[in-house]
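Trainee: Shown below is the structure under consideration.
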């Protein structure tokens, strides 16, 4: 939720932006708020928000901007140190819809924050440590630019990027770079897919559950990201043509690409046990769990003209989802019959699984075929 969140609403900005309390104190505000002021380190934007009228950032985000951030559970403290090096800026957009609105709850905490050996004010923002941006002034030079609605920190001994204004999230386009090579290394597929950030926000805003049941077909059939799945399919088809791949190999290319996306458990990535993604969400996040990657592959294959369905694997200790790919005459291995069709099993969670190969823990288990 933190990507693209900037400082505080204009009515909440004040001269105190650059002055933190000498002695750390408990949070006065109940929430961190969205802001129209952007924060920069050496001209690179960093996600920010506002607490008590002051610009604040997440301590963990500073690791991408020349700082180390370590947590000591015994001492109950986060140690932040300026170490220099190369900045790898996080993706940031302005989100005008969040200005002055709550973006995180401030919770009680017994965890202290220390910057280069000196204690500073800290907050628990949705179980993440946040600090005032102004406290980083002890590591460099801090200045505010009213015309640009921005606050700048310049750290010594580090390269300074060219200043670029932060994009408006409602109109921003996110270039997503993918590079995939199959295990046998016969070729490499390198491409960039551009998605509107607003599409990702729209998908994230959709409720995930209805009466305790997840309608997985609805995420696959939803038309809002059809244009971008078509763009991905066209890119894949073009790559297959240039590589001289036939229809069956093209299907394998699509499977290999989806398998190459990192696996991410919902509980770790989203904080809930089950959270099915729209295909655009999985592409935007460039990772997903079994149903996320299965939904993406099934949609991609259908756009390529391949008959495919979702396979909900039943029984056992827990559920699982894979993709069923209709027989093209060249497939072997495990399949599930459906009328006159044979849907061959395709595992998406990790690389190397060929069509028809089933992980041992799912072998022999029944499957519900979900068409869309």
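Trainee: Examine region 356-363 for a residue that is without any contact (Cβ under 8 Å) to a residue 60 or more places away in the chain and in contact with a helix residue (DSSP H, G or I) (Cβ under 8 Å, 6 or more places away or on another chain), and state whether such a residue exists.
Mentor: no
Trainee: If I filter region 343-363 for residues that are farther than 28 Å from residue 181 by Cβ and modelled with pLDDT of 95 or more, do I get at least one hit?
Mentor: no
Trainee: Moving on to the next point. Identify the residue in region 300-315 that is in a loop (DSSP other than H, G, I, E, B) and touching a helix residue (DSSP H, G or I) at 6+ places or on another chain (Cβ under 7 Å) and, among all such residues, is surrounded by the fewest Cβ atoms within 10 Å (Cβ to Cβ).
Mentor: Looking at the filtered set, the residue picked out is 306.
Trainee: Only one of 193, 176, 142 is closer than 28 Å to residue 53 by Cα, in a strand (DSSP E or B) and touching a helix residue (DSSP H, G or I) at 6+ places or on another chain (Cβ under 7 Å); which? Before the answer, list the steps.
Mentor: Values: 193 fails: closer than 28 Å to residue 53 by Cα; 176 fails: closer than 28 Å to residue 53 by Cα.
On inspection, the qualifying residue turns out to be 142.
Trainee: A further question on this structure: Counting only residues that are farther than 23 Å from residue 194 by Cα and within 16 Å of the chain's Cα centre (by Cα), which one in region 250-269 is surrounded by the most Cβ atoms within 10 Å (Cβ to Cβ)?
Mentor: Looking at the filtered set, the residue picked out is 266.
Trainee: Here is a follow-up. Here's a check for you: in region 88-107, which residue that is surrounded by 12 or more Cβ atoms within 10 Å (Cβ to Cβ) and in contact with a helix residue (DSSP H, G or I) (Cβ under 7 Å, 6 or more places away or on another chain) is nearest to residue 129 (Cα to Cα)?
Mentor: Going through the qualifying residues, I end up with 90.
Trainee: Right, residue 64: within 15 Å of residue 81 (Cβ to Cβ), modelled with pLDDT of 95 or more and out of contact with any strand residue (DSSP E or B) (no Cβ under 6 Å at 6 or more places or on another chain) or not?
Mentor: yes
Trainee: Separate question: Right, residue 333: at positive phi, out of contact with any strand residue (DSSP E or B) (no Cβ under 8 Å at 6 or more places or on another chain) and assigned by TED's automatic domain parsing to the domain that holds residue 357 or not?
Mentor: No: the conditions fail for residue 333.
Trainee: Same structure, new question: Look at residue 253 and say whether it is in a helix (DSSP H, G or I), in the same structural domain as residue 194 (by TED's automatic domain parsing) and over 24 Å from residue 223 (Cβ atoms). Before the answer, list the steps.
Mentor: On the way: in a helix (DSSP H, G or I): yes; in the same structural domain as residue 194 (by TED's automatic domain parsing): yes; over 24 Å from residue 223 (Cβ atoms): yes.
When the stated conditions are applied, residue 253 passes them.
Trainee: What number of residues in region 177-187 are in contact with a strand residue (DSSP E or B) (Cβ under 8 Å, 6 or more places away or on another chain) and either within 14 Å of residue 351 (Cβ to Cβ) or surrounded by 14 or more Cβ atoms within 10 Å (Cβ to Cβ) (or both)?
Mentor: Residues meeting the conditions: 4.
The values are calculated or read from the model by the stated rules, or taken from the named source; none is laboratory data. What you see is a predicted model; the values in this text were computed from it and never measured. Cβ sites come from the backbone with ideal geometry, for glycine too, and all protein chains shown count toward neighbours.
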